[in-house]
Amino acid sequence: MVLNLVLPLAGLLAAALLWAAGAGWLAGVTPVASAFAPVPTGEALLQLVQGRDLWEHIWLSLQRVAVGLVIALVLGVPLGVLTGLSAWFSKATTPLFQFARMISPLSWMPIAVMVLGVGDAPVYFLLAFAAVWPILLNTAAGVAQLDPNWLLLARSLSATRRETILRVILPGITAHILTGVRLAIGIIWIVLVPAEMLGVSAGLGYFILDARDRLAYSDLMAAILVIGVLGYLLDHAARSLHRRWLHT
Amino acid sequence: MNAPAVAPSALAPAPASEAVLAARDLSFAHPGIGTVFEGVSLRIRRREIVALLGSSGCGKSTLLRVLAGLAQPARGEVRFLDAPLAEPHPRSALVFQQPSLLPWLTLADNVGFGLDFAHQPRSDGAARRARVAAAIEAVGLAGREAAYPAQLSGGMAQRAALARALAREPELLFADEPFSALDAITRAEMQALLVDVVHRWHSAVLLVTHDIDEALLVADRILLMGGSPGRVLREWTVDMPHPRDEHPEALTALRLAILGALRHSS
Ligand SMILES: Nc1ncnc2c1ncn2[C@@H]1O[C@H](COP(=O)(O)OP(=O)(O)OP(=O)(O)O)[C@@H](O)[C@H]1O
Ligand SMILES: [Mg+2]
């Protein structure tokens, strides 16, 4: 119990020490790098959390995560159900999906901007495109692993199609969908920052580039910390959602 | 022991001798694989516990599905309460080898699952809750209503599955090897519980098993299935009061006769 608390803290402390040592060494090479060190970063972070700007960037980024995730769910769950139910559809689409999934979503950026224009739309597209695969594949796996007795039970109750889908199939695959959501959030969070570096004027990705342009390197480091912490919290939320659903 | 809160009397009570289920000349084939069983006729009377015994793969589960209305026979007819059966009857219920509870629902919601479905007999929420409470009480899980399946032991989960079937106040309970995944002590408890609750619920039971002792302890009548394609080869009446485990020696002769027939059945 104590170890569970002490060891992670020790790891974080060691990382902070390495960070300080690295920044110190780098400052010897290029003096401007002293702004990367933990102490100025901490000061910058303190400044930022007291202002409004950072919160607005965070709020926008989280909104984009939500929109991307919702689009991915709206597309991924029905496609996953179809893949899981229909051997035909699955055979026809598996190579395509495996192929598309391995293309970095960011490679679509120029095309997305050309088609959708600058602004939020291409970012949503990239996030949804990155997130749809884990959701689709996990949904399909969930359908394939449904307990056949559940379906038999539904049939023994003369369940309508709607009752079978809403009361058995969807809740029955929700744990898998939540696994997909957790993976999707991880991917979205990684794709978000570079996606926000093009064509938008707010968000954490934009904030990083902006800090660079302002030569505000401590702000830049602070933003990196914020991104890490938020990602950790998002993943934690997705995990606990999964646990709560299964009541384990 | 409590009587069930709602007496299973929504349908006009039939005389106790009348058949709940009557099957005539059933046969069933899997496309491309062949005939599973053929020429099966059987009757299950009201409140009667019938064990269907047979070696592995002889078609017991398939026959149970056909009798439950979950699969259509190639030939023959199944009548439930004297009406042809085209789909599962609302007054029948299933128990499987695995509890197959829905992990996202509480015990109480699992037991009440489906009672509100469109094709189930209309009943208001209070009546449904009373049926669920009576069923949970009867299987000895009172106080556990809010637990989730992940928090139940295997034996408790199978009790919950039995309660789920009882909540439907079945005229006929179909049970496919319901206790074979349980340890010996839990299994014996569950066998006694099954006899107790179906007597109180006035339900008939079709119990698929390949455990002779289970059939002898529980059933009023034992059907032996075997052969290829499968048929009902023999039947025995077990005319002995419950609980039977107090006088196992009285069943020895019957046990040996069934064992001999089972050896020659496949
Ligand atoms: N879905 C299916 N498709 C094709 N063949 C099947 C299917 N289900 C069962 N069979 C075949 O039908 C025959 C009877 O199977 P069934 O499950 O009814 O036997 P059983 O008596 O219940 O066996 P066990 O005691 O092992 O449960 C077996 O030979 C089996 O291989
Ligand atoms: Mg079987």
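The values are calculated or read from the model by the stated rules, or taken from the named source; none is laboratory data. Predicted model, so just to flag it, every value in this text is computed and none were measured. Positions of Cβ are generated from backbone atoms using ideal geometry, with glycine treated the same way; all protein chains shown enter the neighbour counts. Keep in mind that these areas ignore ligands, DNA and RNA; they rest on the heavy atoms of the full protein, side chains included. Shrake-Rupley method; radii C 1.70, N 1.55, O 1.52, S 1.80 Å.
Return yes or no: is B:Arg128 more than 11 Å from every other protein chain (Cβ to nearest Cβ) and touching a strand residue (DSSP E or B) at 6+ places or on another chain (Cβ under 8 Å)?
Taking the combined requirement at face value, the residue does not satisfy it.
Listed residues A:Thr139, A:Thr164; which is surrounded by 21 or more Cβ atoms within 10 Å (Cβ to Cβ), β-branched (Val, Ile, Thr) and at pLDDT 90 or above?
When all the criteria are applied, what remains is A:Thr139.
Go over the candidates B:Thr252, B:Thr209 one by one and state the one that is within 16 Å of ligand 1 (Cβ to nearest atom) and either more than 30 Å from B:Ser27 (Cβ to Cβ) or in contact with a helix residue (DSSP H, G or I) (Cβ under 6 Å, 6 or more places away or on another chain) (or both).
That would be B:Thr209, the only listed residue that is within 16 Å of ligand 1 (Cβ to nearest atom) and either more than 30 Å from B:Ser27 (Cβ to Cβ) or in contact with a helix residue (DSSP H, G or I) (Cβ under 6 Å, 6 or more places away or on another chain) (or both).
Going by the structure shown, is B:Ala157 within 14 Å of another protein chain (Cβ to nearest Cβ), closer than 30 Å to A:Arg244 by Cβ, surrounded by fewer than 24 Cβ atoms within 10 Å (Cβ to Cβ) and more than 12 Å from the chain's Cα centre (by Cα)?
So B:Ala157 fits the description; yes.
Being part of a strand (DSSP E or B), open to solvent by less than 70 Å² (accessible area, probe 1.4 Å) and within 13 Å of ligand 2 (Cβ to nearest atom): is that true of B:Leu52 here?
yes
Find the residue count for the stretch B:190-212, including only residues that are more than 16 Å from ligand 2 (Cβ to nearest atom), part of a loop (DSSP other than H, G, I, E, B) and surrounded by fewer than 23 Cβ atoms within 10 Å (Cβ to Cβ).
Looking only at that region, the number is 1.
Could you check, for the stretch A:179-195, whether at least one of its residues is of a type in the set (D, E, K, R) and open to solvent by 30 Å² or more (accessible area, probe 1.4 Å)? If you could, list the steps in order and put the result at the bottom.
Within the stretch A:179-195, the first condition is being of a type in the set (D, E, K, R), and the residues that meet it are A:182.
Narrowing further to those that are open to solvent by 30 Å² or more (accessible area, probe 1.4 Å): A:182.
Looking through the stretch A:179-195, at least one residue is of a type in the set (D, E, K, R) and open to solvent by 30 Å² or more (accessible area, probe 1.4 Å).
Being within 14 Å of another protein chain (Cβ to nearest Cβ) and hydroxyl-bearing (Ser, Thr, Tyr), is that true of even one residue in the stretch A:162-177? Lay out the reasoning, then the answer.
So in the stretch A:162-177, the residues within 14 Å of another protein chain (Cβ to nearest Cβ) come out as A:162-177.
Still in the list and also hydroxyl-bearing (Ser, Thr, Tyr): A:164, A:174.
Looking through the stretch A:162-177, at least one residue is within 14 Å of another protein chain (Cβ to nearest Cβ) and hydroxyl-bearing (Ser, Thr, Tyr).
Against the definition (buried (at least 20 other Cβ atoms within 10 Å of the Cβ), under 14 Å from A:Leu79 (Cα atoms) and in contact with a Leu (Cβ under 6 Å, 6 or more places away or on another chain)), how does A:Pro105 come out, yes or no?
Values: buried (at least 20 other Cβ atoms within 10 Å of the Cβ): yes; under 14 Å from A:Leu79 (Cα atoms): no; in contact with a Leu (Cβ under 6 Å, 6 or more places away or on another chain): yes.
For A:Pro105, the condition - buried (at least 20 other Cβ atoms within 10 Å of the Cβ), under 14 Å from A:Leu79 (Cα atoms) and in contact with a Leu (Cβ under 6 Å, 6 or more places away or on another chain) - is not met.
Say whether the condition of being in contact (Cβ under 8 Å) with a residue 12 or more places away in the chain and closer than 21 Å to B:Leu67 by Cβ is met by at least one residue in the stretch B:140-160.
The answer is no; no qualifying residue exists.
Condition first: within 22 Å of B:Arg234 (Cα to Cα), within 16 Å of ligand 1 (Cβ to nearest atom) and touching a Leu at 6+ places or on another chain (Cβ under 9 Å). Now tell me which residues in the stretch B:55-75 satisfy that.
Selection gives B:Ser55, B:Lys60, B:Leu63, B:Leu64, B:Arg65, B:Val66, B:Leu67, B:Ala68, B:Pro73.
Could you identify the single residue in B:Arg24, B:Arg46, B:Arg65 that is open to solvent by 10 Å² or more (accessible area, probe 1.4 Å), charged (D, E, K, R), within 14 Å of another protein chain (Cβ to nearest Cβ) and over 22 Å from B:Ala261 (Cβ atoms)?
The unique qualifying residue is B:Arg65.
Could you check the stretch A:33-91 and list, in sequence order, the residues that are among the polar types (S, T, N, Q), within 19 Å of the chain's Cα centre (by Cα) and open to solvent by 50 Å² or more (accessible area, probe 1.4 Å)?
A:Gln63
Kindly provide the set of residues from the stretch A:5-64 that are assigned to a helix (DSSP H, G or I), free of Cβ contacts under 8 Å to residues at least 24 places away in the same chain, within 28 Å of A:Ser201 (Cα to Cα) and among the hydrophobic types (A, V, I, L, M, F, W, C), ordered by number.
A:Leu46, A:Val49, A:Trp55, A:Trp59
Can you tell me which residue in the stretch A:222-244 is nearest to A:Gly186 (Cα to Cα), limited to those that are within 14 Å of another protein chain (Cβ to nearest Cβ) and open to solvent by 80 Å² or more (accessible area, probe 1.4 Å)?
Across the stretch A:222-244, the extreme among qualifying residues is A:Leu241.
Here is a yes/no grid of residues against (1) among the charged types (D, E, K, R); (2) in a strand (DSSP E or B):
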position	(1), (2)
B:Leu223	no, yes
B:Val232	no, yes
B:Trp236	no, yes
B:His242	no, no
B:Ala250	no, no
B:Arg255	yes, no
B:Gly260	no, no
B:Ser265	no, no
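Given the criteria within 30 Å of B:Leu70 (Cβ to Cβ), open to solvent by 30 Å² or more (accessible area, probe 1.4 Å), among the hydrophobic types (A, V, I, L, M, F, W, C) and in contact (Cβ under 8 Å) with a residue 24 or more places away in the chain, does A:Leu151 qualify?
On the way: within 30 Å of B:Leu70 (Cβ to Cβ): yes; open to solvent by 30 Å² or more (accessible area, probe 1.4 Å): yes; among the hydrophobic types (A, V, I, L, M, F, W, C): yes; in contact (Cβ under 8 Å) with a residue 24 or more places away in the chain: no.
In short, no.
Among the residues of the stretch B:161-189, count how many are in a loop (DSSP other than H, G, I, E, B) and under 23 Å from B:Arg128 (Cα atoms).
Residues in the stretch B:161-189 being in a loop (DSSP other than H, G, I, E, B) and under 23 Å from B:Arg128 (Cα atoms): 5 in total.
Of all residues being within 11 Å of another protein chain (Cβ to nearest Cβ) and within 16 Å of ligand 2 (Cβ to nearest atom) in the stretch B:162-189, which is most open to solvent (accessible area, probe 1.4 Å)? Just the residue, please.
B:Asp176
Quick one: count up the residues across the stretch A:203-215 that are of a type outside the set (Asp, Glu) and open to solvent by 20 Å² or more (accessible area, probe 1.4 Å). If you could, list the steps in order and put the result at the bottom.
Restricting attention to the stretch A:203-215, the residues satisfying the condition of being of a type outside the set (Asp, Glu) are A:203-209, A:211-212, A:214-215.
Now drop any that are not open to solvent by 20 Å² or more (accessible area, probe 1.4 Å), which leaves A:206, A:208-209, A:212, A:214-215.
Qualifying residue count for the region: 6.
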